[in-house]
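Engineer: Have a look at this one before I ask anything.
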Amino acid sequence: MRKLLGCAAGLLLLSGLAAAQDRDFSKVEIKVTKVAGTVYMLVGAGGNIGVSVGEDGIVVVDDQFAPLAPKIEAALKGITDKPVRFILNTHYHGDHTGGNAEFSKLGTLVAQENVRKRLAEGSEIKRFGKEPPAPKEALPVITFEHDVSIHLNGEDVRAIHFPHGHTDGDSVIFFPQSNVVHMGDDFVTYGFPFVDIENGGSVSGMLAGVEKVLSMTKPDTKFIPGHGPLSTADDVRKFIAMITETRAVIAAAVKKHKTPEQMKKDKLLAKWEADYGKGFIKADDWIDALYDDVTQGRTGQERYHNHGHAGEKGSNRQ
């Protein structure tokens, strides 16, 4: 079932709003899971939604596709009758921001400044095509460079920018009182991750960011991935190990002056294909991403020293 969900997530990942309009969302169900404390996770079509609920209202993290907005709103009403106050976007991709225009009628859109920029200007990814500029009502009205906090429901919800990971506008959302973290697409469970290199992403940046998040959380923290089931620190460590190990393999091959085509022919990532090659990013795609990362000399460490701690310092680092 996890593999089927992963493939579905892959097909929907980065689907533009135009493509979403051509899809039949009538049979999509929004499933609600209580995570911990004030936090719930909503799963439908597109990126996982995080929700903090309480007497002060609702904070929503990501909003999937526009046609699903009524179903998402109905699911929220099933949890609480309090109003939506804020909507946070973890990054700009349409499967996480497609509902912005609808939810902006309910609350305030908040995101890292690069999210607004890419939504406002439109974007392009070669394998997926062009995404036109988003309408004004879909643009975040509050933006930040490094981090922002929303104090609601006794929860100090904190969004921290982790640069050059999945994209250049990634935010990881911490719910410290509930001991929950929403990872956006810097951590996914459908297989090899997609790294939007054309829009500021990098493998090393993703790896450094996820390692940093793990060092800022507790051993029993619950992680909401961008796509896939609720996860644990052990799941995140496995993800980190996969990226570290596969990058090392490709780096060694680069030192031997092998081309990506030779690496693919030699099936250098065969060891990981069974567990990670079932999503929409295949082993050959991951080789291309790793080769780019190694040959461009990316480090992924820029600006991380500026980020404060949102949880227990160092308690999850091993």
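The values are calculated or read from the model by the stated rules, or taken from the named source; none is laboratory data. Since this is a predicted model, take the numbers as computed values, not measurements. Backbone-built Cβ (ideal geometry, glycine too); neighbour counts: all protein chains shown.
Engineer: Looking only at helices (runs of 4 or more DSSP H) that lie completely in region 75-156, which have at least 3 residues being under 24 Å from V213 (Cβ atoms)?
Structural biologist: Passing ranges, in order: 94-97, 113-121.
Engineer: Sticking with this structure for a sec: Can you name the number of the only condition in (1) more than 19 Å from the chain's Cα centre (by Cα); (2) assigned to a strand (DSSP E or B) that G50 fails?
Structural biologist: Unmet for G50, out of (1) more than 19 Å from the chain's Cα centre (by Cα); (2) assigned to a strand (DSSP E or B): (1).
Engineer: Okay, next question. Scanning region 278-288 for residues that are at pLDDT below 95 and under 16 Å from F239 (Cα atoms), which turns out surrounded by the most Cβ atoms within 10 Å (Cβ to Cβ)?
Structural biologist: Initially, region 278-288 is screened for residues at pLDDT below 95, giving 278-280.
From what's left, under 16 Å from F239 (Cα atoms): 278-279.
Details: K278: 18, G279: 26.
So, considering only residues that are at pLDDT below 95 and under 16 Å from F239 (Cα atoms), the one surrounded by the most Cβ atoms within 10 Å (Cβ to Cβ) is G279.
Engineer: Okay, moving on. Filter region 242-259 for residues that are of a type outside the set (A, V, I, L, M, F, W, C) and closer than 25 Å to F187 by Cβ and give the result.
Structural biologist: T244, E245, T246, R247, listed by residue number.
Engineer: Identify the residue in region 130-175 that is buried (at least 24 other Cβ atoms within 10 Å of the Cβ) and touching a Pro at 6+ places or on another chain (Cβ under 9 Å) and, among all such residues, is nearest to I197 (Cα to Cα).
Structural biologist: Looking at residues that are buried (at least 24 other Cβ atoms within 10 Å of the Cβ) and touching a Pro at 6+ places or on another chain (Cβ under 9 Å), I get H166.
Engineer: Checking the conditions here, which among E55, E145 is farther than 25 Å from K222 by Cα and of a type in the set (D, E)?
Structural biologist: E145
Engineer: Another question, if that's okay. Quick check on this structure: which one of A69, A138 is over 20 Å from M41 (Cβ atoms) and aliphatic (A, V, I, L, M)?
Structural biologist: The conditions single out A138.
Engineer: Another question, if that's okay. For region 245-277, enumerate the residues that are in a helix (DSSP H, G or I) and among the acidic types (D, E). If you could, list the steps in order and put the result at the bottom.
Structural biologist: Taking region 245-277 as the starting set, the residues that turn out to be in a helix (DSSP H, G or I) are 245-255, 260-265, 270-276.
Once the filter is applied, which keeps residues that are in a helix (DSSP H, G or I) and among the acidic types (D, E), region 245-277 yields E245, E261, E273, D275.
Engineer: Separate question: Given the conditions (1) more than 15 Å from G209 (Cβ to Cβ); (2) modelled with pLDDT of 95 or more, which single one is not true for R247?
Structural biologist: Failing condition for R247: (1).
Engineer: For region 156-172, how many residues meet the condition of being modelled with pLDDT of 95 or more, in contact with a Gly (Cβ under 6 Å, 6 or more places away or on another chain) and not small (G, A, S)?
Structural biologist: 5
Engineer: Does region 88-102 hold any residues that are surrounded by fewer than 24 Cβ atoms within 10 Å (Cβ to Cβ) and within 9 Å of D63 (Cβ to Cβ), and which are they?
Structural biologist: E102 - this is the single residue of region 88-102 that is surrounded by fewer than 24 Cβ atoms within 10 Å (Cβ to Cβ) and within 9 Å of D63 (Cβ to Cβ).
Engineer: Where the second residue is assigned to a helix (DSSP H, G or I) and the first is among the basic types (K, R) and lies in region 225-254, which pairs have Cβ atoms under 6 Å and are six or more apart or on separate chains?
Structural biologist: From region 225-254, the pairs are R247/L290.
Engineer: Please specify each residue of region 43-87 satisfying the condition of being acidic (D, E), crowded, with 24+ Cβ neighbours inside 10 Å and touching a residue at least 60 places away in the same chain (Cβ under 8 Å).
Structural biologist: Correct list: D62 only.
Engineer: So is Q296 closer than 24 Å to F128 by Cα and more than 22 Å from the chain's Cα centre (by Cα) or not? Give the derivation first.
Structural biologist: Working: closer than 24 Å to F128 by Cα: yes; more than 22 Å from the chain's Cα centre (by Cα): yes.
Criteria met by Q296.
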